[in-house]
Each structure stands twice: as C-alpha cells, then as structure tokens.
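Engineer: Once you've had a glance at the structure underneath, I'll fire off some questions.
The values are calculated or read from the model by the stated rules, or taken from the named source; none is laboratory data. All of these numbers come straight from a predicted model, not from anything done at the bench. A quick note on method: Cβ atoms are made from the backbone with ideal geometry, for glycine too, and the neighbour counts reach across all protein chains shown. All accessible areas refer to the heavy atoms of the entire protein, side chains included, with ligands and DNA or RNA removed. Shrake-Rupley method; radii C 1.70, N 1.55, O 1.52, S 1.80 Å.
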Amino acid sequence: MKDYLIVGQGLAGMLIANQLMQRNKSFLAVADKNQISATSVAAGMYNPLVFRRITKSWMVDDLLPEMYSTFSELEERLHTKLIYPTPIVKLVTEDEYRRWTSKLEDPEIEKYIQKLEKGTSIHGIHQFYGSATISDSGFIDLQALQENFHQELLHYNHLVYDHFYYDDINIQEDCIIWKGSQFKNIIFCEGAFAIDNPLFPEVTYKLTKGDVINLSIDEIQLENIINKMVFLMEKSKGEFLSGSTYNWSGLNFTAFEEDRNYLSEKLSSILNKPFKILRHKTAIRPTVSDRRPVLGTHRKYNNVHYFNGLGTKGVMLAPYFSNQMIEYLEEKKVLHPEVTMNRFR
C-alpha cells in the first residue's frame, strides 16, 4: 500500500510530490495529458508588490525565501535552470508617479522599490512619464519544471498519465482503492478542473481565463520585465512573452481573437517597434474569491485531502503551502487560518 495518491500534476501537484519525495514517502501521481493546466501556459512571474494598490503581496516576506529555496533545490536536482531573477519596470503616468513617490515613505514597500525615476530610456519602449523598478521579482520557468519533473517521476514509477474518473475510487476507512491499487491517502491538486470535483462542492471558484502570446521583435533585447496593463518579457534569446488577460468564462479553453487583439493593442502602446505574434495560448487559473489557496481534509473522510486554488501568485504560494500541507498531514500541524478550507463551511 502506498502512502499517497496525487490527482493532478500542475504546479500544486508537482510541489506536493516534491515534498513527499523529500520525506521518502511512497506515492503515485495521476496526470491527464489532454487537460490544459495553467502551469503549461503561465509565465510563472513573481512580484512582491500588488501594483493596483501599491501594497505588499500577501505574506511575501515569508513566501519568497521558501520559493527561492525550493526552486534552487529543484534546479540542482533536475539539472535545469528554473529561476530567472529579473527586475520589473512598471511604466507610470504622472499621477501614478506621485502615488509611487508617497510609497517611498513606507519602509515595508520601499525595500522592494529598486529605483523610481522620471522619464524612460529603454530601447524599443515608448517614452513614459516615469518608471518604478521592482526588486525581488522575476519568473520561474514552469514549462521546464513540468517537463523535467515529470521525467523524474516517470523514472521512479511515481507517475501515470491517465484521465481520473471520480467513480473509479473506492473510499474506505483505512484506505483508498483506485484501479486495484491501495493508498493510505488521496490529495486532489486539480487546478481549475477542481470545479467538477463532487467530493468538495463547498469550495467555490472564480475561474479566471488568461491568455499569453509568444512574439518576435526585431532589434530589441530586454533586461527587465516591462509592465503597463500587460507584461512583456524576454523568456529566451529573441523570443518574447506577453500577457495576460483576465476573463471570467468558466472552463473555456478557446483562444479568442478579441483577447489576442487586446494584448496586441496594449503591446503597441508599450513598444515603438513592430512585432510578430508567433503563438497564442490560453488556460484557466483556479482563482478563489479571497485570493487564498485552499488546503484541508474532507468533512467525512479523514484520508481524502485537498490542495488547490493557487491562482495568479502560484509560484510564490506553492512552495510555502505545499510544505505546510504535508506538515499538516504527516505531523498534525495546524494550517494557516486563511487557507484552510473550513472557511467555506
């Protein structure tokens, strides 16, 4: 009998599996190649500030150290570069500049503002009134993580590719039976597809569809991530990524032309050079209305668990709370009150 069955192998499922590997727990993960996870599309950006209100991101001082530690360990183990520390340059209007200036008086925010200056002098970028450069920001290459981590799981027989049907599990008091195999516990890490999970109907989502486009831009090289309504970053030499949209359309994975046109229009207001769209991808974020992850155990079954709802801040949230989730299961530690699923009950 294995210790755990993990349903889902996006970012949430992978980091739960990583925690179990570090503790030498036996497990099997189930991933569906036909489901488009947010992890397979997302830019993987991390940012210590919330630009709309110019406030610190929730728990950022605790989340960032755990994020760097976790992905650094994975880089070394998988022999793959994952962490790309890159300052974000937020382009601002005159009114926004005054708001940013006032935030310099707050030491908790000021420590993340690397530079605030009038005017912009970035090759290929239109002139703006000013810019705020943010430190402790960048992106995690989630697609490289998923490809290499899945290869590791396959090597150790920890992963099967299959569509998971809820009717296939038999929940008993002392074990979970799935396709003839027994497990002590099951953890659901299904991303947006958790909306269809009949075992946890109380968890409500505000699913957010996000679009990103890959593009080429002639004669430009970006050292920073540019942000003005949308982001623009150079993910690899000569290939750029831009996004994202925020549409509340349920589980709709169609890449709409209007979303592509929206991103193109916003990019034109940033770039003073022509660009060519190479690819357009879309995925669904498992966003919860209070923007907090969802962790916990079934009302009735003590061996049925849930780790989901990472949303737009997933790369910062997943390392810290996957550790907390396994400590909760293995060491009976108490979950952070703002992430427990009891808030839905």
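Engineer: Return only the number of the condition from (1) over 28 Å from the mean Cα position of the chain (by Cα); (2) within 30 Å of residue 5 (Cβ to Cβ); (3) open to solvent by less than 40 Å² (accessible area, probe 1.4 Å) that residue 153 does not satisfy.
Structural biologist: Single failed check for residue 153: (1).
Conditions (1) of a type in the set (Asp, Glu); (2) outside any helix (DSSP H, G or I), marked per residue:
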site	(1), (2)
254	no, yes
267	no, no
290	yes, yes
296	no, yes
300	no, yes
314	no, no
322	no, no
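Engineer: If you don't mind, another one. Just to be sure before I move on: is residue 41 within 18 Å of the chain's Cα centre (by Cα), open to solvent by 10 Å² or more (accessible area, probe 1.4 Å) and under 29 Å from residue 135 (Cα atoms) in the structure I sent?
Structural biologist: Numbers: within 18 Å of the chain's Cα centre (by Cα): yes; open to solvent by 10 Å² or more (accessible area, probe 1.4 Å): yes; under 29 Å from residue 135 (Cα atoms): yes.
For residue 41, the condition - within 18 Å of the chain's Cα centre (by Cα), open to solvent by 10 Å² or more (accessible area, probe 1.4 Å) and under 29 Å from residue 135 (Cα atoms) - is met.
Engineer: Every residue in segment 233-243 that is of a type in the set (S, T, N, Q) and open to solvent by 40 Å² or more (accessible area, probe 1.4 Å), please.
Structural biologist: Within segment 233-243, the first condition is being of a type in the set (S, T, N, Q), and the residues that meet it are 236, 242.
Passing the criteria: only 236.
Engineer: Let me ask something additional. Give 174, 141 a once-over and let me know the one that is among the charged types (D, E, K, R), closer than 19 Å to residue 46 by Cβ, open to solvent by 10 Å² or more (accessible area, probe 1.4 Å) and touching a strand residue (DSSP E or B) at 6+ places or on another chain (Cβ under 9 Å). I'd like the intermediate steps shown before the answer.
Structural biologist: Values: 174 fails: closer than 19 Å to residue 46 by Cβ.
Result of the check over 174, 141: 141.
Engineer: One residue is enough: does segment 70-88 have a residue meeting the conditions at pLDDT 95 or above, in a strand (DSSP E or B), open to solvent by less than 60 Å² (accessible area, probe 1.4 Å) and hydrophobic (A, V, I, L, M, F, W, C)?
Structural biologist: yes
Engineer: Here's a follow-up. Go through segment 190-200 and count every residue that is modelled with pLDDT under 95 and either open to solvent by 60 Å² or more (accessible area, probe 1.4 Å) or more than 23 Å from the chain's Cα centre (by Cα) (or both).
Structural biologist: Residues flagged as modelled with pLDDT under 95 and either open to solvent by 60 Å² or more (accessible area, probe 1.4 Å) or more than 23 Å from the chain's Cα centre (by Cα) (or both) within segment 190-200 amount to 2.
Engineer: Something else about it: Scanning for something closer than 30 Å to residue 211 by Cα, under 20 Å from the mean Cα position of the chain (by Cα), aliphatic (A, V, I, L, M) and at pLDDT 95 or above, does segment 287-305 turn up at least one residue?
Structural biologist: Yes: segment 287-305 contains one or more residues that are closer than 30 Å to residue 211 by Cα, under 20 Å from the mean Cα position of the chain (by Cα), aliphatic (A, V, I, L, M) and at pLDDT 95 or above.
Engineer: Which one of 161, 165, 129 is touching a Ser or Thr at 6+ places or on another chain (Cβ under 9 Å), open to solvent by 70 Å² or more (accessible area, probe 1.4 Å) and either touching a residue at least 40 places away in the same chain (Cβ under 8 Å) or over 27 Å from residue 77 (Cα atoms) (or both)? Working first, answer last.
Structural biologist: Working: 161 fails: touching a Ser or Thr at 6+ places or on another chain (Cβ under 9 Å); 165 fails: touching a Ser or Thr at 6+ places or on another chain (Cβ under 9 Å).
Answer to the selection: 129.
Conditions (1) in contact (Cβ under 8 Å) with a residue 40 or more places away in the chain; (2) open to solvent by less than 70 Å² (accessible area, probe 1.4 Å); (3) over 23 Å from residue 45 (Cα atoms); (4) out of contact with any Cys (no Cβ under 7 Å at 6 or more places or on another chain), marked per residue:
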{"site": "245", "(1), (2), (3), (4)": "no, yes, no, yes"}
{"site": "248", "(1), (2), (3), (4)": "yes, no, no, yes"}
{"site": "280", "(1), (2), (3), (4)": "yes, yes, no, yes"}
{"site": "286", "(1), (2), (3), (4)": "yes, yes, no, yes"}
{"site": "294", "(1), (2), (3), (4)": "yes, yes, no, yes"}
{"site": "312", "(1), (2), (3), (4)": "yes, yes, no, yes"}
{"site": "316", "(1), (2), (3), (4)": "yes, yes, no, yes"}
{"site": "320", "(1), (2), (3), (4)": "yes, yes, no, yes"}
{"site": "334", "(1), (2), (3), (4)": "no, no, yes, yes"}
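Engineer: With respect to residue 114, determine if the residue is surrounded by fewer than 19 Cβ atoms within 10 Å (Cβ to Cβ) and in a helix (DSSP H, G or I). Working first, answer last.
Structural biologist: Values: surrounded by fewer than 19 Cβ atoms within 10 Å (Cβ to Cβ): yes; in a helix (DSSP H, G or I): no.
No.
Engineer: OK, next. What tally of residues in segment 147-197 results from selecting those that are assigned to a strand (DSSP E or B) and aliphatic (A, V, I, L, M)? Lay out the reasoning, then the answer.
Structural biologist: Filtering segment 147-197 down to residues assigned to a strand (DSSP E or B) leaves 159-161, 169-171, 176-178, 181-188.
Add one more test, that the residue is aliphatic (A, V, I, L, M), and what stays is 159-160, 169, 171, 176-177, 186-187.
Here the count works out to 8.
Engineer: Sort out which residues of segment 176-204 are out of contact with any Gly (no Cβ under 9 Å at 6 or more places or on another chain) and on the phi > 0 side of the Ramachandran plot, and write them in order of number.
Structural biologist: Within segment 176-204, 179, 180 qualify.
Engineer: If a residue must be part of a loop (DSSP other than H, G, I, E, B) and within 15 Å of residue 137 (Cβ to Cβ), how many such residues does segment 51-65 contain? Full working, then the answer.
Structural biologist: To start, the set of residues in segment 51-65 that are part of a loop (DSSP other than H, G, I, E, B) comprises 51-54, 57-59.
So of that shortlist, the ones also within 15 Å of residue 137 (Cβ to Cβ) come out as 51, 54, 57.
Result for segment 51-65: 3.
Engineer: Could you pull out the residue among 176, 187, 140 that is in contact (Cβ under 8 Å) with a residue 60 or more places away in the chain, closer than 23 Å to residue 286 by Cβ and over 22 Å from the mean Cα position of the chain (by Cα)? Write out each step before concluding.
Structural biologist: Working: 187 fails: over 22 Å from the mean Cα position of the chain (by Cα); 140 fails: over 22 Å from the mean Cα position of the chain (by Cα).
Step by step, each of 176, 187, 140 is checked, and only 176 is in contact (Cβ under 8 Å) with a residue 60 or more places away in the chain, closer than 23 Å to residue 286 by Cβ and over 22 Å from the mean Cα position of the chain (by Cα).
Engineer: Between a residue in segment 3-16 that is open to solvent by 10 Å² or more (accessible area, probe 1.4 Å) and any residue that is among the basic types (Lys, Arg), which pairs come within a Cβ distance under 7 Å, given they are 6 or more apart or on different chains?
Structural biologist: 3/25; 3/184
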